[in-house]
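Asks: Below: one structure in structure tokens.
Laboratory data are not the source of any read-out in this text; all were calculated from the coordinates shown. Fair warning: this is a prediction, and the values are worked out from it, not measured in the lab. As a convention, Cβ positions derive from the backbone with ideal geometry for all residues, glycine included, and neighbour counts pool all protein chains shown.
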Amino acid sequence: MAEYQYPLRADWSTDEVVKVIDFFTKVEKAYESSVEREEFMNHYRLFKKVVPSMAEEKTLCKEFEESSGYVAFQVVKLAKESVSGDLLKM
């Protein structure tokens, strides 16, 4: 896996930073290999606890996309359209 710029905020706790990085790592995994739908959705739910605002989510995902080329929204959409047990692969 390559290293990317993760969009982080200075006012987040260490636990919150870990949750956000874990989510973006799962997005990377969906593009670079595959990730189980349930694993991805669990990390997305934790991410949403840190970033409940849809506007902030879009901003963070755009920042990550600019750094990595990976579109988090597409992985989230695929996960929501998939069923439990599916592997997500972009």
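Asks: In Å³ and rounded to a whole number, note down the convex hull volume per residue for the Cα atoms of the chain. All intermediate terms of the calculation are to be shown ahead of the outcome.
Replies: Numbers: hull volume 7.8 nm³, N = 90.
Taking the convex hull of the Cα positions in the chain, it is 87 Å³ per residue.
Asks: Sticking with this one: Go through 36-43, 66-73, 80-87, 19-26 and give me the packing order, highest mean Cβ count within 10 Å leading. Please report the intermediate quantities before stating the final value.
Replies: Working: 36-43: 18.0, 66-73: 15.8, 80-87: 10.9, 19-26: 19.9.
My ranking of the peptides, most packed first, is 19-26, 36-43, 66-73, 80-87.
Asks: Let me ask something else about it. Could you check the spin-label model distance between L78 and E32? Points 7 Å from the Cα along Cα→Cβ, value in nm.
Replies: 1.5 nm
Asks: Expressed as a whole percent, how much of the Cα-Cα distance distribution for the range 51-90 exceeds 13 Å?
Replies: Details: 447 of 780 pairs.
I get 57 percent for the Cα pairs in the range 51-90 exceeding 13 Å.
Asks: Using alpha carbons only, how many angstrom separate the centre of the range 1-38 from the centre of the range 45-66?
Replies: 11 Å
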